[in-house]
There are 2 protein chains.
Amino acid sequence: MSTINIGLVGAGTVGGGVIRVLDKRLGYFKSELDLDLKLSRVVDKDLERFTRLPAGGAVCSSDVNDILNDESISVVVELVGGTGFARAFVLDALKRGKHVVTANKALIAQHGPEIFEAAAVNNVSLYFEASVGGGIPVIKSIRESLVGNDIFSVRTIINGTCNYILSRMTAQGLPFADVLKQAQEKGYAEADPALDIEGGDTGHKAAILASLVSGSYVSYGNFPVEGITHISKDDIEFAKELGYTIKLLGIIKKNNGGLDVRVHPAMLPAGHILASVSDVYNAVLLEGDAVGQILLYGRGAGELPTASAVVSDIIDVVRNITGNSPVRVPMDYYRSGKQINMIPVEKIESRYYLRFTVSDNPGVLASIANHLGSEGISIASVMQKEKSGGSGVPVIFITHNASEKGIQNALGKIEKEKYARAATQLIRIEE
Amino acid sequence: MSTINIGLVGAGTVGGGVIRVLDKRLGYFKSELDLDLKLSRVVDKDLERFTRLPAGGAVCSSDVNDILNDESISVVVELVGGTGFARAFVLDALKRGKHVVTANKALIAQHGPEIFEAAAVNNVSLYFEASVGGGIPVIKSIRESLVGNDIFSVRTIINGTCNYILSRMTAQGLPFADVLKQAQEKGYAEADPALDIEGGDTGHKAAILASLVSGSYVSYGNFPVEGITHISKDDIEFAKELGYTIKLLGIIKKNNGGLDVRVHPAMLPAGHILASVSDVYNAVLLEGDAVGQILLYGRGAGELPTASAVVSDIIDVVRNITGNSPVRVPMDYYRSGKQINMIPVEKIESRYYLRFTVSDNPGVLASIANHLGSEGISIASVMQKEKSGGSGVPVIFITHNASEKGIQNALGKIEKEKYARAATQLIRIEE
C-alpha cells in the first residue's frame, strides 16, 4: 500500500492541534491499523507558526497552491474557517479530486449544497465531524450509529462560550456583562464575542444537525436564532427559585411532517439531563424511534478536542481510499433539492416563562391574567417580587402548554397597557 | 447493485426488535442511502414467534443450516446468546465467508481471539456494537471517532439491572432484596438475576472495552469482578449522608504501562457526572489524551435500543461489501497474542469507604485508627452511628488515597480484634 499524503491549510489553534495529534499517532496508525499516511504539506500565512509545531517532514509554506497543485496529495484538511477563502479553497480541492476534511461549520451551514455537489460530481468525500460539538462524536453517530432510527428530536448545548457564561451567572449570581468579561480573560470568549453570544455559532451547528436528521438541506437564516445577551441576572435567579436552569439550546423537532428548528435560551427543569451540562462542556440529546434518548457529552471546542474529531475524519477518508469506497457515506440530500416544511415559531406550542415589568398598582396582576386567559393561556404559577431598583416591579408567570401565537397576541396587548414599564421577557420551557 | 441478503438467527426480544426496525427502515436504506438489503431468512427454534413478527418476505424456519447453506446470504446476525450454540454457529458462518453481526458479549469476551482469527482468515467482518451499552454508540466511537486518542480511562455504568436496583435503593431507602423483587416484577431483572447482580454481565462488557482501548485481548476472568448483592441499605444511606452515590462500575485505567481493570460497586461524589445516571440508563465515561472527557449515555438494553445497534452494524457491513472493503476496521489485536501487564487489585491506590461493625466499647475507634495509621493510611473523615439493631455498631471511615494492600493488611488485623462483630464493608471511591 502506498503512503497517503495529507495537506493541511491553517495552522492556528485547531490546525496546530491536528499537527500535534498526528505527530503522536502516525506510528500507531501504521503499526496497529496498517494505515500509512503522512502529513506532507502545511500551509499558513504566518510562517512563524511552524517554528512551534511538530510538523515532522511536512513542507511548510504560505501558498495554498502548493497543496492544490501537489498531485501526490489526496486528502486536504481545511482549518482556516470563514466562508470566503475557505469556500474557494474547498471547491478547488474537490474539483481536483482531493478528499476534504473540514471543521468549518459556517461553510457547511451556508454553502452545503454547493460543496456537496462538488464532492459528489468529483467522486470524493467531504467529512466535517469537527464542525459540530468539537471532539464529541455527533455527526458519525447520527449518520452511522443511529442509521436505524428516525431521529425526531435533537436538543443541544453546543456553544461553550454561552454555556460558560450562563453557568457562571447561575453559580455566582453575576450579571451578563461581568461574566462575559471573565470569559474573555480566560480565553473562553473572543474579543468580538458576537457570533457566540448572539447565537450565530449555535445556529450554524443547528442547521447542520437539522440537515442531517431531516435528510434535506436546512439553511442557516431559515429559522429563528436568539442569543443570550438579554438574559438578566434576575431571570437566572427567578429560574433557580422556580426549579429551572437557563441554557442556550439548539432545538430540532419533527412535528407532523414539518421541522421545528430554533436557537434560543430555554428553561430546563433542574433535574433535566441537559441542566447538568456546565461550563464549557457541550452535549447533544438525541431521541430516536428505536434507540430512545441518547446523550453525547464532552468538550465542544479547543485545540485538542477539535483535533481529535479532525483526525478521526482523516482516518475515515484514508480507510475509504484504501478500501476503494471513496464516498462511503453519501450526503446526497444536501443536493437533492428536497424541501422540508419548516414550522414557523408562531406555530409551535410550549410552556413559557414570562417576566413582566409593571407599575406597582392594584389590578395589574388581574389584567395580565385576563389578557392571557382571553388567548386561552392557562397559568401554572405566578411569582410577584418586591421592587429591586429600576422602574417597575417584576411579575413572573409560568404558563401551561400554550401556542406561541396566543402568547404573542397577549404580550402585544399587555405591552400597550399603561402599567407596562418595559418589554416582556419571554423564555420558552423545555421538559 | 445486487441485493445483499441477510440471515438472522434468534427471534427473541432483540431479534424481534431487529426484524421490526428492518421492516420500518429497509425502504429508507434503499431510497435514501442507495443500500439494497433484504432480510431473506430467519431461524428460531420457536416457530410460534414468527406469527407475531413483521418478517416480510423472509423464509422462516427452525434449522440453522437453512442459513448456513444458503449461499445467497452474505451477512448473518447472531442473536441467540450464550457461548455454546452461538460460538459454533458464528465460527461456521465465518468459515463459510459470511460476515457476522452479533450482540453476544459473552462470546466476544470469552472467545474473542478464536472468533476474530476465523474472521480474519476468511476475510470477513465481525461487528458487535450491541454487545456493550445497547443502543449507545460505544464501540464505533472508540474504534473510529476517538482513533486519534490514547484512551487512558473508561468508567462505565453498563448494567441496567444493577443501576435500577441501586437507584431505587437510593431513592426509596429500601433493602436490596425488596428492590430486586420490584425489578423482577417490572421485567428489569431476570428470574435468575445472578449474571447481572453478581457483576458477570458488567465484567463481560468491561473485558470487551478493556480489549478495545488497550489493543490486546483482555480475557474475562483475568480481573476482579464484584457484584452488588452485599450493598446494604445502610451503605446507601451513609454514602448519601457523606455526599456520595453508590454505582456498580466497570473501570479500566492505564497506569504506568499496565492495565487496571475491575468491576465493583464504587462511591461517586454526588456531583460526579456518572452519579446522575439513574434507573435503567447506562453511560460510558471515556478519557482520551486529545479529546478529554466524553460521556455517552442512553438505554443499554431492551428490544429496540439494542436492535438500533445491530442494524447500524448490518449497514456498516453492507457498506463494506458494496465498497469492496470487507474488513474495514480490523481487530487484529484480538489475535496478536500481545500481552498487557494486568495490574492486580492489590497494587492499586484509591480512597476507601470502610464500614466496621464493632462492639460499643471505649477504645475501639482508637484501635481502628491505629491499625490504619500503622499501614500509613490517612483518615479523611469518621462517622459513628447509634446502634441500629443487630449486633455491633457501625463505624465508618473515609480514607485519603491509600494502597489497597495497606487497606487489606489493616482490615486483616482489625477483623482479628475482639471488638469486631462482622466483616468490614469496603467500597472504593472514584472521583
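Since every read-out is calculated from the coordinates, none of them should be taken as a lab result. Predicted model, so just to flag it, every value in this text is computed and none were measured. Neighbour counts run over all protein chains shown; Cβ positions are idealised from the backbone, glycine included.
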Mind putting a number on the dipole of the stretch B:140-299 about its Cα centre? Charges go on the C-beta only, +1 for Lys and Arg and -1 for Asp and Glu, and I need it in Debye to the nearest 20. 340
Calculate the FRET efficiency for B:K338 and B:K95 from the Cβ-Cβ distance with a Förster distance of 25 Å, rounded to the nearest 0.05. 0.50
For B:H99, the net charge from surrounding residues (Cβ-Cβ under 13 Å; K, R +1; D, E -1) works out to +2
Listed with the fewest Cβ neighbours within 10 Å leading, B:L259, A:L37 appear as B:L259, A:L37
Hey, can you rank B:368-379, B:142-153 by average C-beta count inside 10 Å, highest first? B:142-153, B:368-379
Determine the distance separating the Cα centre of the stretch A:170-185 from the Cα centre of the stretch A:353-379; give it in Å without decimals. 32
Net charge of neighbours whose Cβ lies under 13 Å from the Cβ of A:Y217, counting Lys and Arg as +1 and Asp and Glu as -1: -1
What are the extents of the Cα atoms of the stretch B:140-299 along their three principal axes, in Å, largest first? 45, 32, 27
Where does helix A:85-95 land angle-wise versus the long Cα axis of chain A, in degrees 0 to 90, nearest 10? 50
For the stretch B:345-429, with equal point scatterers placed on the C-alpha atoms only and solvent neglected, what are the log10 I(q)/I(0) values from the Debye formula at q = 0.12, 0.24, 0.27 1/Å, to two decimals? -0.30, -1.21, -1.50
What's the long-distance tail for the stretch A:321-366, i.e. % of Cα pairs beyond 17 Å? 71
Enter the mean number of other protein chain beta carbons within 10 Å of the beta carbon of each residue in B:305-317, as an integer. 5
Surrounding charge for A:E144, neighbours by C-beta under 13 angstrom, Lys/Arg +1, Asp/Glu -1, total +1
For the pair A:E190 and B:A194, the simple spin-label estimate (label points 7 Å beyond Cα toward Cβ) gives in nm 6.2
When you have a sec, figure out the Kirkwood radius of the stretch B:244-290 from all distinct Cα pair distances and drop it here in Å to one decimal? 12.1
Gap in Å between the Cα centre of the stretch A:280-344 and the Cα centre of the stretch B:60-95? 33
Chain B: mean projected area of Cα convex hull, nm²: 21.8
The pairs in B:K240/B:K385; B:K233/B:K385; B:K140/B:K205; B:K38/B:K140; A:K205/A:K338; A:K205/A:K247 lying past 18 Å Cα-Cα in this model are B:K38/B:K140; A:K205/A:K338
Sum -39500 (n - 2.57) across every DSSP H segment of at least 4 residues in chain A, then divide by the residue count to get the 222 nm mean residue ellipticity, nearest 500. -10500 deg cm²/dmol
Calculated FRET value between A:S378 and B:D36, using beta carbons and R₀ = 45 Å, to 0.05: 0.30
Table column - 3J(HN,Hα) (Hz), the stretch A:244-257, Karplus curve with 6.51, -1.76, 1.60, x for Gly and Pro: 10, 10, 9, 9, 7, 10, x, 10, 9, 9, 8, 8, 6, x
I need the Debye-formula profile for the stretch B:274-431: one equal scatterer per C-alpha, no solvent, reported as log10 I(q)/I(0) at q = 0.09, 0.13, 0.20 1/Å, two decimals. -0.56, -0.85, -1.24
At each listed q (0.07 Å⁻¹), what is the log10 of I(q)/I(0) that the Debye formula gives for the protein assembly as shown modelled as equal alpha-carbon point scatterers? -0.60
